[in-house]
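Novice: Here it is, the structure in full.
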């Protein structure tokens, strides 16, 4: 099981706290963490302040109370001016690729992941994704690709989104 949604399939996520982030943003964090002066000591909390000082919602968090099958229908677009109601749960997406990463493996995953390798094949490089995810429990990571603007889903690519469960 790759735990990828390409054509609106559900992904399975385990109980617990997840970081929801644009796959492209993971590379930005990874590049920043390779700076030798940091000694890889940047905490998740400081990432927003240090790496994304001009972005209110570079990633969001959500805590699932039980194991959950998440579908694209659970991803809702929010108007930017309304995001203050859900700020910690909102995430800005630019690439149309939304990653769900269990909170306690986030930093480890960042060091392993490469956005450019993921998108080398159309629609995604499944072998590459599997090589990364096999190091974790499959339900600790999930990936949803936007269907695009020609479908009736809120998650249509770029925008600010939240998880409605």
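The values are calculated or read from the model by the stated rules, or taken from the named source; none is laboratory data. Everything quoted here is computed from the prediction, not taken from an experiment. Note: ideal-geometry Cβ built from the backbone for every residue, glycine included; neighbour counts use all protein chains shown.
Novice: Given the condition more than 22 Å from residue 56 (Cα to Cα) and touching a helix residue (DSSP H, G or I) at 6+ places or on another chain (Cβ under 6 Å), answer yes or no: does some residue in the range 145-164 qualify?
Specialist: Looking for residues that are more than 22 Å from residue 56 (Cα to Cα) and touching a helix residue (DSSP H, G or I) at 6+ places or on another chain (Cβ under 6 Å), one finds at least one in the range 145-164, hence yes.
Novice: Report, by residue number, each residue of the range 65-74 that is crowded, with 17+ Cβ neighbours inside 10 Å and under 15 Å from the mean Cα position of the chain (by Cα).
Specialist: 70, 72, 74
Novice: What number goes with the only condition from (1) more than 14 Å from the chain's Cα centre (by Cα); (2) modelled with pLDDT under 90; (3) part of a helix (DSSP H, G or I) that residue 88 does not pass?
Specialist: (1)
Novice: Shifting gears a bit: Does residue 136 count as modelled with pLDDT of 90 or more and within 15 Å of residue 2 (Cα to Cα)?
Specialist: Values: modelled with pLDDT of 90 or more: yes; within 15 Å of residue 2 (Cα to Cα): yes.
When the stated conditions are applied, residue 136 passes them.
Novice: Name the pairs: first residue in the range 1-25 and at negative phi and surrounded by 14 or more Cβ atoms within 10 Å (Cβ to Cβ), second residue modelled with pLDDT of 95 or more and in a loop (DSSP other than H, G, I, E, B), Cβ to Cβ under 6 Å, at least 6 apart or on different chains?
Specialist: Filtered contacts from the range 1-25: 14/67.
Novice: Right, something else. Which members of the range 92-136 meet the condition of being in a loop (DSSP other than H, G, I, E, B) and either out of contact with any strand residue (DSSP E or B) (no Cβ under 7 Å at 6 or more places or on another chain) or more than 14 Å from residue 25 (Cα to Cα) (or both)?
Specialist: Here is the first cut: in the range 92-136, the residues in a loop (DSSP other than H, G, I, E, B) are 94-96, 113-114, 119-125, 134-136.
Result: 113, 114, 119, 120, 121, 122, 123, 124, 125, 134, 135, 136.
Novice: What are the residue pairs meeting all of these: first residue in the range 64-80, first residue part of a strand (DSSP E or B), second residue loosely packed, with under 15 Cβ neighbours inside 10 Å, Cβ atoms under 6 Å, and 6 or more apart or on different chains?
Specialist: 64/15; 69/12; 76/164
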